[in-house]
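The block underneath contains the structure these notes are about, expressed in structure tokens.
The values are calculated or read from the model by the stated rules, or taken from the named source; none is laboratory data. Everything numeric in this text was worked out from a predicted model, so none of it was measured. In this analysis, Cβ positions are derived from the backbone assuming ideal geometry, glycine residues included, and neighbour counts consider all displayed protein chains. Just so you know, the surface numbers come from the protein's heavy atoms only, side chains and all, with ligands and any DNA or RNA stripped out. Shrake-Rupley method; radii C 1.70, N 1.55, O 1.52, S 1.80 Å.
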Amino acid sequence: MRKIIVLLGAPGSGKGTQAVFIKEMGFKHISTGEILREEVKKGTELGKRVKSIMEKGELVSDDIINELMFNVVRENSGGLLFDGYPRNITQAESFDEFLKGENLKVDYVIYLDVSEDICKKRLSGRFFCPECKKDYNIYFSPPKNDRLCDNCGKELIQRDDDKENVVEERLKVYFEKTYPLIEYYEKKKVLYRVNGEKDVIEIKEDIEKILKNGSIKEG
Ligand code: AMP
């Protein structure tokens, strides 16, 4: 039976990093943010509709996102890992209803618990080299010289939605709209809390235990 995982956590909680590991366990990684950024880059109709909303850190309309995600479920037959969806209660309810019609359900919600302050630093500190794509964080892994790449000396750049004012807005939207999903999934008994401030590999191991035993405890 195919499994559906939802990765939940604030922007900057490390969902993308952990998604790479979960993907290695055989799940297809569906990142709504990545899908939408790709549409914007390609300049598609959808991309044009969502560009300014994303630049402000606001949420794209539920109808657009739901349809996009339902198609992903219809077009893929294996296990799926959702990263960035659902983002509010309305999306979660629509998703549950749709999955029910497909004889599926959300099996695991992995909630990466990270303080707001750390999320803020992880995002607004994130820079990368436009040339070699090396990633930096000015708080946690800064370049040797101010804002210049250690490898090619190019000036580092930042994703538009990692700029400080947009990060503030993304976190505000998260606490208002997405955070209530923790209680929603807790009531459905599919929520698993993981301390997202631990070392990346420890978090990976905690998630592996949950997917294997249904809890972080060895078993
Ligand atoms: P992310 O990379 O997941 O933080 O997503 C980047 C941006 O894409 C968000 O700030 C939203 O504008 C948009 N987005 C991603 N997922 C969703 C979603 N499920 N619902 C609405 N908007 C979304």
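Quick notes on this one:
- Relative to the dominant Cα principal axis of the chain, helix 164-173 is inclined by about 10°.
- The magnitude of the dipole of the chain, with charges of +1 and -1 set on the Cβ of Lys/Arg and Asp/Glu and taken from the Cα centre, is near 320 debye.
- Protein-only accessible surface order, largest first, of Met69, Met54 at 1.4 Å: Met54, Met69
- Cα-centre dipole for the range 62-134 with unit charges at Cβ (Lys and Arg positive, Asp and Glu negative), debye to 20: 540
- Relative contact order of the chain, defined on C-alpha pairs under 8 angstrom at six or more residues apart (%): 28
- Shape analysis of the chain yields a ratio of the Cα radius of gyration to the Kirkwood radius, Rg/Rh, of 0.97.
- Largest GNM mean-square fluctuation among Asn88, Asn151, Asn71, using the chain with Cα springs under 10 Å: Asn151.
- Each of Val109, Val20 has its accessible area taken with a 1.4 Å probe; listed largest first, they run Val20, Val109.
- Acute angle (nearest 10 degrees) that the helix 89-101 long axis makes with the longest principal axis of the chain, alpha-carbon atoms: 50
- Pairs of Lys residues in the range 35-121 that lie 8 or more places apart, or on two chains, and have C-alpha atoms under 30 angstrom apart add up to 15.
- Each Lys or Arg adds one and each Asp or Glu subtracts one; over the other residues with Cβ under 11 Å from the Cβ of Glu169, this totals -2.
- Carbon-plus-sulfur accessible fraction, the range 68-219 (probe radius 1.4 Å, protein heavy atoms only): 45%.
- When you filter the trypsin sites (Lys or Arg not before Pro) in the range 154-219 for DSSP loop state and at most 11 other Cβ atoms inside 10 Å of their Cβ, you are left with Lys189, Lys217.
- Percentage relative contact order, the range 57-176, counting C-alpha pairs under 8 Å, at least six apart: 25
- Springs between Cα atoms under 10 Å define the GNM used for the chain, and in it the highest mean-square fluctuation of Ile182, Ile201, Ile110 occurs at Ile201.
- Count Lys and Arg as plus one, Asp and Glu as minus one, and take only other residues whose Cβ is under 12 Å from that of Thr44; the net charge is then +3.
- Excluding ligands, DNA and RNA, the accessible surface per residue across the range 1-115 is 47 Å² with a 1.4 Å probe.
- Looking at the chain, the DSSP beta bridges with both ends there are about 30 percent antiparallel.
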